[in-house]
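First comes the structure, then the notes that go with it.
The values are calculated or read from the model by the stated rules, or taken from the named source; none is laboratory data. Model, not experiment: these values are computed from the prediction. Backbone-built Cβ (ideal geometry, glycine too); neighbour counts: all protein chains shown.
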Amino acid sequence: MRYFLLIFFLTGVLVVGIAGFRGDMSRRPPIELFPDMDRQPKLRPQERNTFFADERSSRLPVAGTVARSLPYRNLRDRTPDNSVYPFHDTPVNTGLISGTTNFVEVIPFHLTEQLMERGRDRYQIYCSPCHGPLGDANGPVKKLGMATVANLHDKRILEMADGQIFYAITHGSPSQLMGPYAAQVSVEDRWAIVAYVRALQRSRLGDLEDVPEPDRSALKK
């Protein structure tokens, strides 16, 4: 046992002698047992690279390269170059008016039958378990005891800007115990859900005059 303690003590002295105490100042480079790729071979932009015939380190994309993302389609307002990409800081991606903290009032996409159908499909998958098929907070989770689900027909939500609903889907709503869905639902699908939620609200607030004439007789029955 005495030899074990002696070896342990000497090992400690050796480590402190080489590495020093924690917090000590030193001009020597730190000892890294696991560098975690902090330093790795690389070429800086415009640096000479003899690996290629033209000796340029900055390379053009390989022929046939597929872009990581495509611009959105069916936008109401387009940028001058007629394209908005997912990485742009625009109202389409944030739900906010650029340079402000104000929400956009109207969905930035044209409302089409395809958009509404997509919104209904995504709503049924991601939203109806809590908010219910009709948006009245009567989803399956309510039967399991979660009573804090928001009713999408409440006056508070009816008066929200479209961008605010989009923002809640993206970042969640802690007050309602709702988590963010940005990882599960794409930007375009989030706006489609907003459009479908507005349709659900309109269906609750609508009257017979909003129904096309050929379909009114069916409703009366």
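Select, from V66, V92, V62, V84, the only residue that is of a type in the set (V, I, T) and not in a loop (DSSP other than H, G, I, E, B). Among V66, V92, V62, V84, only V92 is of a type in the set (V, I, T) and not in a loop (DSSP other than H, G, I, E, B). Screening region 175-198 for residues that are surrounded by fewer than 16 Cβ atoms within 10 Å (Cβ to Cβ) and modelled with pLDDT of 75 or more and picking the one that is nearest to K142 (Cα to Cα) gives L177. Would you mind stating whether L158 is surrounded by fewer than 18 Cβ atoms within 10 Å (Cβ to Cβ) and over 24 Å from the mean Cα position of the chain (by Cα)? No, not satisfied.
Taking every residue in region 11-40 that is modelled with pLDDT of 70 or more and among the small types (G, A, S) and pairing it with any residue that is surrounded by 10 or more Cβ atoms within 10 Å (Cβ to Cβ) and in a loop (DSSP other than H, G, I, E, B), at least 6 positions away or on another chain, the pairs with Cβ-Cβ distances below 9 Å are S26/G20. I'm trying to understand the selection: among the residues of region 105-116, which are assigned to a loop (DSSP other than H, G, I, E, B) and in contact (Cβ under 8 Å) with a residue 60 or more places away in the chain? Scanning region 105-116 gives I107, P108, L111. Pairing residues of region 129-154 that are within 20 Å of R202 (Cα to Cα) with residues that are small (G, A, S) and not in a loop (DSSP other than H, G, I, E, B), at Cβ distances under 7 Å and at least 6 apart in sequence or on separate chains, gives G139/S128. Among residues that are within 27 Å of G206 (Cβ to Cβ), within 24 Å of the chain's Cα centre (by Cα), buried (at least 18 other Cβ atoms within 10 Å of the Cβ) and at pLDDT 95 or above, G163 is included. For region 198-221, which residues satisfy the criterion of being basic (K, R) and in a helix (DSSP H, G or I)? Within region 198-221, R198, R202, R204, R216, K220 qualify. When the residues of region 117-164 are narrowed to those that are in a helix (DSSP H, G or I) and of a type in the set (S, T, Y), which ends up farthest from L96 (Cα to Cα)? Applying the filter and picking the extreme gives S128. Got at least one residue in region 50-57 being surrounded by 10 or more Cβ atoms within 10 Å (Cβ to Cβ), among the hydroxyl-bearing types (S, T, Y) and more than 31 Å from the chain's Cα centre (by Cα)? Checking region 50-57: at least one residue is surrounded by 10 or more Cβ atoms within 10 Å (Cβ to Cβ), among the hydroxyl-bearing types (S, T, Y) and more than 31 Å from the chain's Cα centre (by Cα). Evaluate region 75-89: report whether one residue or more is surrounded by 13 or more Cβ atoms within 10 Å (Cβ to Cβ) and touching a strand residue (DSSP E or B) at 6+ places or on another chain (Cβ under 7 Å). Yes; the residues of region 75-89 include at least one that is surrounded by 13 or more Cβ atoms within 10 Å (Cβ to Cβ) and touching a strand residue (DSSP E or B) at 6+ places or on another chain (Cβ under 7 Å).
Return yes or no: is D77 at pLDDT below 80, under 22 Å from the mean Cα position of the chain (by Cα) and not in a helix (DSSP H, G or I)? Taking the combined requirement at face value, the residue satisfies it. Going by the structure shown, is L70 within 30 Å of W191 (Cα to Cα), surrounded by 10 or more Cβ atoms within 10 Å (Cβ to Cβ) and either in contact (Cβ under 8 Å) with a residue 24 or more places away in the chain or in contact with a strand residue (DSSP E or B) (Cβ under 7 Å, 6 or more places away or on another chain) (or both)? So L70 does not fit the description; no. The set of residues in region 165-197 being over 19 Å from L115 (Cα atoms) and assigned to a helix (DSSP H, G or I) consists of A168, H171, P174, S175, Q176.
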